[in-house]
Amino acid sequence: MSRHKFNVGKWLPSDQEFENKWVKKIYEEAKSDENKNLLPPVQALKELIESNRYIWNLFQMMFDEIPQKDVDTPAGTPQVRDYHELLLVLNRIIQRAPEFNTTGLVGTPINAVLDYPMGTRAGYVLFNDPRVNAKMKGILDYWGHYLQSPASSYVLNTSDKGWLSTYALKEMAKEADGINFLDLFKTRSKDPEKKFGYVSWDDFFTRKFNPGIRPVAEPDNDDVVANACESAPYRVARNLPMKAKFWIKGQPYSLIDLLHNDPWTAKFEGGTLYQAFLSALSYHRWNSPVSGTIVKAYNLNGTYYGEALNQGFENPNGPDLVAANNSQAFLTSTATRAVIFIKADNPKIGLMCFVAVGMGDVSNNEITVRIGQHVNKGDELGMFHFGGSTHVLLFRPEVNIDFDLHGQKPGLDTTNIKVRDTIARITNI
């Protein structure tokens, strides 16, 4: 299969017709469910909508603003046409685990349902409303608990839609530049009928590499910066501003927003940023790019289904077909994220920062290090649950850094650089 069979990160199908059919199928299943009682977090969203006239109006406007010419479905209209239908679909999704599919992977099903609404002006306002985000967090938390439970392991099977099918295992091995899944990843069993020993969907998705599979680049050379995630280069930015109007035109980085006005933000003004995105089929843990001491680590709440306004239906060239692939720079300032400051052993680096950015359904960022802990280059920092997302490395302006992107130019059509491999070198000039 082509490496670009799926969209960027492979979270949603590149084939819009397949995605439309999938949404229609989910909607029909939701309507036919014998038990129409909404789960508590979905009921909470319903009560917010119906008790707040402003939010109720935004939901109405959001669905009304989807242009008919941009909806490529048999009926000529979006499958989900109002908030009542949306609630039913959300209720159904968070009681299931994502299935593998050879023709189009839907790794972020809620994102798939909200793909069109996110691109509207009303959707932009709605999904940046903290009250709506609080309810969406409740829905995602409920789903997250389910995906960490044994009940979610039913998709870990060898059927055509199972993640342990011969085809799926081959694709995951190929994504990791290997041949055999079992040679690459840690398992508790070698028997696919025993789910390789994985006890839940999340246990499978946060799997580790076997020892020696991803060696640390020049472990004794502190001038070499290691790749923090198994990820594809998205953007390099230099001379970073403290504040930028990223919601008006383009997507410049805004340090104050990215770090939520952390007291140390000014230390990175004029500095350098590297951003890369993760694939649905890849390794989802974060590893330290340098040897040093963890001096600060915390999580930031943010949006879950925000998209840059100029990447939606406002875009004269057409909306991002897979929201919010094209909004990754914007999301560094708006989405949920984990922030980890590291004081590098190398004085030429000093204080640097790793930021894990959750996108859409993948907005659970777990930090596994503690303040005061010393980490060696390549040691684990934390992980994305339920998949992968995008991440950022920040360096101060005093740091002279040359990136090694392994022959690629950063963008949306790049491929993974191995975790712990060389991503940059510190120079004296």
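The values are calculated or read from the model by the stated rules, or taken from the named source; none is laboratory data. Since this is a predicted model, take the numbers as computed values, not measurements. Every residue, glycine among them, receives a Cβ derived from its backbone with ideal geometry; neighbour counts consider all protein chains shown. Note: accessible area is taken over every heavy atom of the protein model, side chains too, but ligands, DNA and RNA are not part of it. Shrake-Rupley method; radii C 1.70, N 1.55, O 1.52, S 1.80 Å.
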- Item | When residues of segment 222-240 are limited to those that are open to solvent by 50 Å² or more (accessible area, probe 1.4 Å) and more than 24 Å from the chain's Cα centre (by Cα), the one modelled with the lowest pLDDT | ASN239
- Note on the structure: THR158 vs (1) open to solvent by 40 Å² or more (accessible area, probe 1.4 Å); (2) touching a Leu at 6+ places or on another chain (Cβ under 6 Å); (3) within 19 Å of SER282 (Cβ to Cβ); (4) of a type outside the set (Phe, Trp, Tyr): all pass except (3)
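Closer than 21 Å to THR368 by Cα, touching a residue at least 12 places away in the same chain (Cβ under 8 Å) and buried (at least 23 other Cβ atoms within 10 Å of the Cβ): which single residue out of PHE209, PHE277 fits that description? First the steps, then the outcome.
On the way: PHE209 fails: buried (at least 23 other Cβ atoms within 10 Å of the Cβ).
Unique residue meeting the criteria: PHE277.
Report, by residue number, each residue of segment 116-134 that is open to solvent by 10 Å² or more (accessible area, probe 1.4 Å) and under 19 Å from the mean Cα position of the chain (by Cα). Before the answer, list the steps.
The initial filter retains those residues of segment 116-134 that are open to solvent by 10 Å² or more (accessible area, probe 1.4 Å), namely 116, 121, 124-125, 128-131, 133-134.
Matches in segment 116-134: TYR116, TYR124, ASN128, ASN133, ALA134.
What are the residues in segment 398-408 that are touching a residue at least 40 places away in the same chain (Cβ under 8 Å) and of a type outside the set (Phe, Trp, Tyr), if any? Even if it seems obvious, please write down each step before you answer.
In the first step, residues of segment 398-408 are kept if they are touching a residue at least 40 places away in the same chain (Cβ under 8 Å); the result is 398-401, 403, 405, 408.
Within segment 398-408, GLU398, VAL399, ASN400, ILE401, LEU405, GLN408 meet the criteria.
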- Item | Filter result for ILE256 (surrounded by fewer than 21 Cβ atoms within 10 Å (Cβ to Cβ), closer than 29 Å to PRO397 by Cα and at pLDDT 90 or above) | yes
- Which fully enclosed strands (runs of 3 or more DSSP E) of segment 347-429 have 3 or more residues being open to solvent by less than 40 Å² (accessible area, probe 1.4 Å) and either among the small types (Gly, Ala, Ser) or out of contact with any Lys or Arg (no Cβ under 7 Å at 6 or more places or on another chain) (or both)? 351-357, 380-385, 390-395, 422-426
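Just checking, does segment 61-80 include any residue being at pLDDT 85 or above, open to solvent by 10 Å² or more (accessible area, probe 1.4 Å) and not hydrophobic (A, V, I, L, M, F, W, C)? Before the answer, list the steps.
Keep residues of segment 61-80 that are at pLDDT 85 or above, which gives 61-66.
Keeping just the survivors that are open to solvent by 10 Å² or more (accessible area, probe 1.4 Å) gives 61, 63-65.
Adding the requirement that they be not hydrophobic (A, V, I, L, M, F, W, C) leaves 64-65.
Yes.
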- Query: Could you say whether any residue in segment 182-191 is in a helix (DSSP H, G or I) and open to solvent by less than 60 Å² (accessible area, probe 1.4 Å)?
  - Reply: yes
